[in-house]
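Data first, discussion second: the structure below is written as structure tokens.
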């Protein structure tokens, strides 16, 4: 497995595994299947597991904790705090206070069954609380050895610079894919200036960029995508045009559409680590295969032209989901 570096010293596999869907948002849970996927990921050389206390809530960290009993030495664990939800509700508020960070960190350590979290993210940014206060609280957790590194999610470049001035930020996690490229304007350049890695979640556009939705595809009960603007009937037809371009290139390269989407993202820089999620072992193998897909400059230019010519219709989240994004 190829390795990439996040920040100064966190070496991880070039592809990580997003674990959120093992607990909610994309259909029913199946813990035993999830554990099989986690084991197969390790066998494939994937060593970055991404979770959060809000996934479940709490179920995902507890599930990962079960897996870590036998595999702690094999993986790097990234988890998050800051989104406060009640069980069964998507509605949330944000708490970035140092007191809440400590409370959440200690609870995450217990659920995961570890002594230290490799990468601890602020999941969403509370614009009413100075980021300097949040970072000072997290820096104390680093000093105590409870977390090894600090990360920020969906942060603006200005807030990132202020945060990094208090304590080094190892990674920024944000949505980044062929149909979500906002980060390229300011955040990615700021990361590179400061030596901060970028972890790309939803690199397959929540499955859309795999081609699954080129025809009608029924969504399971509880699938969050049914409420997202880009998956609505008035937008989905327009958004399929971009996937057609990706699929045509995949056919020429004799690989899957998903592999093209991941290969494009991997080609954007060695400081970028995509974390596609899946509950299916065949998809896990397919995602890993993207590391063997080489896109020529002409291929990359073709995809870039398609993104410009075929703008995406719809926001990536509902208004509720956009809370704390780019703050």
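Here residue 89 fits the description: at pLDDT below 95 and in a loop (DSSP other than H, G, I, E, B). Within region 23-39, the set of residues being closer than 21 Å to residue 79 by Cβ and either surrounded by fewer than 21 Cβ atoms within 10 Å (Cβ to Cβ) or touching a residue at least 60 places away in the same chain (Cβ under 8 Å) (or both) comprises 24, 25, 26, 29, 31, 34, 35, 37, 39.
So, residue 243, is that one buried (at least 17 other Cβ atoms within 10 Å of the Cβ) and in contact (Cβ under 8 Å) with a residue 40 or more places away in the chain or not?
No, not satisfied.
Selection of region 308-324 for residues being touching a residue at least 60 places away in the same chain (Cβ under 8 Å), under 12 Å from residue 245 (Cα atoms) and surrounded by fewer than 16 Cβ atoms within 10 Å (Cβ to Cβ) yields an empty set. For the criterion of being touching a strand residue (DSSP E or B) at 6+ places or on another chain (Cβ under 6 Å), touching a residue at least 12 places away in the same chain (Cβ under 8 Å) and surrounded by fewer than 20 Cβ atoms within 10 Å (Cβ to Cβ), residue 50 fails. Scanning region 275-290 for residues that are over 13 Å from residue 257 (Cβ atoms) and surrounded by fewer than 18 Cβ atoms within 10 Å (Cβ to Cβ) gives 280, 281, 282, 285. Among the residues making up region 280-317, those that are assigned to a loop (DSSP other than H, G, I, E, B) and either at pLDDT 95 or above or more than 18 Å from the chain's Cα centre (by Cα) (or both) are 280, 293, 294, 295, 296, 310, 311, 312, 313, 314. In region 248-267, of all residues being within 23 Å of the chain's Cα centre (by Cα) and without any contact (Cβ under 8 Å) to a residue 60 or more places away in the chain, the one that is farthest from residue 24 (Cα to Cα) corresponds to 267. Residue 199 versus (1) farther than 19 Å from residue 177 by Cα; (2) out of contact with any helix residue (DSSP H, G or I) (no Cβ under 8 Å at 6 or more places or on another chain): which is the lone unmet condition? It fails just one condition, (1). Being closer than 23 Å to residue 30 by Cα, at pLDDT 95 or above and either surrounded by fewer than 17 Cβ atoms within 10 Å (Cβ to Cβ) or touching a helix residue (DSSP H, G or I) at 6+ places or on another chain (Cβ under 9 Å) (or both) is the requirement here; does residue 117 meet it? Considered against the rule, which asks whether it is closer than 23 Å to residue 30 by Cα, at pLDDT 95 or above and either surrounded by fewer than 17 Cβ atoms within 10 Å (Cβ to Cβ) or touching a helix residue (DSSP H, G or I) at 6+ places or on another chain (Cβ under 9 Å) (or both), residue 117 comes out as no. Taken over region 136-165, the criterion of being more than 20 Å from residue 188 (Cα to Cα) and either outside any strand (DSSP E or B) or at pLDDT below 95 (or both) is satisfied by 136, 137, 138, 139, 140, 141, 142, 143, 144, 145, 146, 148. Candidates in region 54-83 are the residues that are touching a residue at least 60 places away in the same chain (Cβ under 8 Å) and more than 20 Å from residue 274 (Cβ to Cβ); of these, the one that is surrounded by the fewest Cβ atoms within 10 Å (Cβ to Cβ) is 83.
Report yes if residue 272 is modelled with pLDDT of 95 or more, over 22 Å from residue 293 (Cβ atoms) and touching a strand residue (DSSP E or B) at 6+ places or on another chain (Cβ under 8 Å), otherwise no. No.
Looking across region 192-212 at every residue that is within 16 Å of the chain's Cα centre (by Cα) and more than 17 Å from residue 278 (Cα to Cα), the one that is surrounded by the fewest Cβ atoms within 10 Å (Cβ to Cβ) is identified as 198. Evaluating residue 180 against the criteria (1) surrounded by 17 or more Cβ atoms within 10 Å (Cβ to Cβ); (2) more than 30 Å from residue 257 (Cα to Cα); (3) out of contact with any strand residue (DSSP E or B) (no Cβ under 8 Å at 6 or more places or on another chain) leaves one unmet condition, (2).
Out of the residues in region 114-135 that are within 30 Å of residue 66 (Cα to Cα) and in a loop (DSSP other than H, G, I, E, B), which is nearest to the chain's Cα centre (by Cα)? By that ranking, first place goes to 123.
Of the residues making up region 1-22, those that are closer than 20 Å to residue 174 by Cα and touching a helix residue (DSSP H, G or I) at 6+ places or on another chain (Cβ under 8 Å) are 14, 15, 17, 19, 20, 22.
The values are calculated or read from the model by the stated rules, or taken from the named source; none is laboratory data. Predicted, not measured: the structure shown is a model, and the values here were computed from it. Ideal geometry is used to build each Cβ from the backbone, glycine not excepted, and the neighbour counts take in all protein chains shown.
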